[in-house]
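S.K.: Mind having a look at this structure? Questions to follow.
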Amino acid sequence: MNLEEKDRKFIWHPFTQFLEWERDKMVIIERGDGIYLWDVDGNKYIDGVSSLWVNLHGHRNPYLDRAVINQLKKISHSTFLGLSHRPAIELAELLIKISPGLNRVFYSDNGSTAVEVGLKVAYQFFRNQGVKKRDTFLCLKNGYHGDTIGAVSVGGIELFHGVYKKLCFKTLKAPSPYCYRCEFGLHYPQCGLLCAEELEKMVKRNRDRLCGIIIEPKVQAAGGIIVMPEGYLKAVEETARKNDVLLIVDEVATGFGRTGRIFACEHEDIKPDIMALSKSITGGYLPLAVTLFKEEIFSAFKGKHSERKTFYHGHTYTANPLACAVSIENIKLLLRKFDSYKKKIKFIEKEMDRFKELPLVGDVRGCGFMWGIELVKDKRKKTQFHIDERTGHRICMEMRKRGVILRPLGDVIVILPPLSIKEREFKKITDSLYDLIKGWR
């Protein structure tokens, strides 16, 4: 059997319908360099989705390569249960320095686990203080926080989460500020204002049983690159503060420069109680996640062993030294280069704006290096394509023939390249995609 045959015989891919997988042409990646990927047949592609939103500085970046190699010469892994090590300590110090007012770092493995940690800590925070009625979370429709059961419970994408409802704990779901398809029939920014008001009403009615509000700040990523109207985030923060509810921000997708700020919280100067980070934290090199907390929350877990205030949670590969070492170098490189990205972002915004004129494009939204193009059958009526037409998927498959790897969210075409992409390289993506959508039948 060749590689393609072995893949189809032995592997179960994520988010994949295998009737289509068995039919589509398979791309097997062999190597990468900069923003480019090569498959086993020698075909070259632009990595237009940063290998699922994780790669910041390109593949085989010499600084990051060296960080891994240097750490590899010392030790690859040591347990973090009862022991510590230099890379984890130095990374924690760096994260706290750049965070929006947070003081403690808890390590885990991926975005879902970072969220699970935040949820469990928020719940136990109140219990450790003798408040047992606080057992509910408020989240947003169209929200996505991962695929473990706790993360699914606070998710709001029916396509992903509907089948697991009976396994999940109950949550309150506030309206999503999805202005293009506002459930109240309003437009930007009125949609965002009303959504914030509805969220505030829900919080006020349930404040005695709420332990946390969880949101993806600025951009609901997997929900379709839904950008929140200006003022919405600040209104949510103010609601949390007025009602003594913890604010949990999931920056797994939006953190580390993706939205044009180091953290998306910075767009409206949000100071969360808890923040989950993963994806780009290592620049796409190794799995790692962290959950950051205010000192007040950490302090509530201190006590005698007999008080049972300990946070009994951990993972085998928590704070893996290789991942921590490359993360330190990744963040330092980001901070050094960040100011140079401003001009590039202006170019990207201009390039994306031209898609609005196309008949099949209903909405173009995004910020920084995160963009979504929502395809529609009828622009005036905002009519969606039938799910079986698989329009977004088919367009992304065609883009592969043009040397670009993209992955859609339904019929929202996502463009989310490494921050290191050059203007001419980004233009190759947009020129190819523009021509393809313009001529699509």
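The values are calculated or read from the model by the stated rules, or taken from the named source; none is laboratory data. Model, not experiment: these values are computed from the prediction. Cβ: placed from backbone, ideal geometry, glycine included. Neighbour counts: every protein chain shown.
S.K.: If you go through the range 15-60, how many residues are part of a loop (DSSP other than H, G, I, E, B), loosely packed, with under 15 Cβ neighbours inside 10 Å and under 24 Å from the mean Cα position of the chain (by Cα)?
M.R.: 4
S.K.: Being at pLDDT 95 or above, within 17 Å of L292 (Cβ to Cβ) and surrounded by fewer than 22 Cβ atoms within 10 Å (Cβ to Cβ) is true for just one of E266, E251, E238, E200. Which residue is that?
M.R.: After ruling out the rest, the residue left standing is E266.
S.K.: Continuing with the same structure: Could you tell me which numbered condition P87 fails, if it satisfies all but one of (1) of a type outside the set (D, E, K, R); (2) at pLDDT below 95; (3) closer than 17 Å to Y317 by Cβ?
M.R.: All conditions are met except number (2).
S.K.: Please go through (1) closer than 19 Å to E268 by Cα; (2) buried (at least 24 other Cβ atoms within 10 Å of the Cβ) for L210 and return the number of the only condition it doesn't satisfy.
M.R.: Evaluating L210 over (1) closer than 19 Å to E268 by Cα; (2) buried (at least 24 other Cβ atoms within 10 Å of the Cβ) leaves (1) as the failure.
S.K.: Out of everything in the range 399-441 that is assigned to a loop (DSSP other than H, G, I, E, B) and under 22 Å from G257 (Cβ atoms), what residue ends up being farthest from the chain's Cα centre (by Cα)?
M.R.: Ranking the qualifying residues of the range 399-441, first place goes to K422.
S.K.: Shifting gears a bit: Pairs under 7 Å by beta carbon, first residue closer than 19 Å to L233 by Cα and in the same structural domain as K204 (by TED's automatic domain parsing) in the range 162-184, partner among the polar types (S, T, N, Q) and modelled with pLDDT of 95 or more, six or more apart or different chains?
M.R.: Going by the 7 Å Cβ cut-off, the qualifying pairs are L172/T136; L172/N206; S176/N142; S176/Q220; Y178/N142.
S.K.: Oh, and also: Could you please let me know if S108 is closer than 30 Å to F369 by Cα, of a type in the set (S, T, N, Q) and out of contact with any His (no Cβ under 6 Å at 6 or more places or on another chain)?
M.R.: The answer is no for S108.
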